[in-house]
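The values are calculated or read from the model by the stated rules, or taken from the named source; none is laboratory data. It should be emphasised that the depicted structure is a prediction, and the values quoted were computed from it without experimental measurement. Note that each Cβ is placed from the backbone with ideal geometry, even for glycine, and that neighbours are counted across all protein chains shown.
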Amino acid sequence: MKKPFLLIAGDCYYPGADTFDWIACYETSEEAENQVKVIPHHTYYTKGKNKGEIKSTHNTYKVCSGDYERNCDWYEIVDLRYWAD
């Protein structure tokens, strides 16, 4: 198998129907990982002694592959060799 690492990503909790969440296949998992940019989002305290400090953080992801660019809530890299056997 030439490109066994499938990058999938979505913008809701559950995967989309059919192959909508499939982005592309890559030769290495590192190559697939490089298509994803982590974007941290912070929630700040607005009152009290901790005002202005970070209260919590969650991440979203920007997936860029060729002409494709999408903001996502989750992503996963699947090794298709486990499914091909």
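Can you pull out the residues in segment 20-37 that are at pLDDT 95 or above and of a type in the set (Val, Ile, Thr)?
Result: Thr28, Val36.
Of (1) part of a loop (DSSP other than H, G, I, E, B); (2) surrounded by fewer than 10 Cβ atoms within 10 Å (Cβ to Cβ); (3) within 16 Å of the chain's Cα centre (by Cα); (4) not hydroxyl-bearing (Ser, Thr, Tyr), Val38 satisfies all except one. Which?
Answer for Val38: the failing condition is (1).
With the requirement that a residue be farther than 11 Å from Trp74 by Cα, surrounded by 12 or more Cβ atoms within 10 Å (Cβ to Cβ) and free of Cβ contacts under 8 Å to residues at least 40 places away in the same chain, what does segment 8-25 give you?
Selection gives Gly16, Trp22.
Could you tell me which of the residues Thr43, Thr19 is farther than 22 Å from His58 by Cβ and not charged (D, E, K, R)?
Criteria check complete, one pass: Thr19.
Picking from Glu30, Glu69, which residue would you name as being under 16 Å from the mean Cα position of the chain (by Cα) and either of a type in the set (Phe, Trp, Tyr) or part of a helix (DSSP H, G or I) (or both)?
Glu30 is the lone residue from the list that is under 16 Å from the mean Cα position of the chain (by Cα) and either of a type in the set (Phe, Trp, Tyr) or part of a helix (DSSP H, G or I) (or both).
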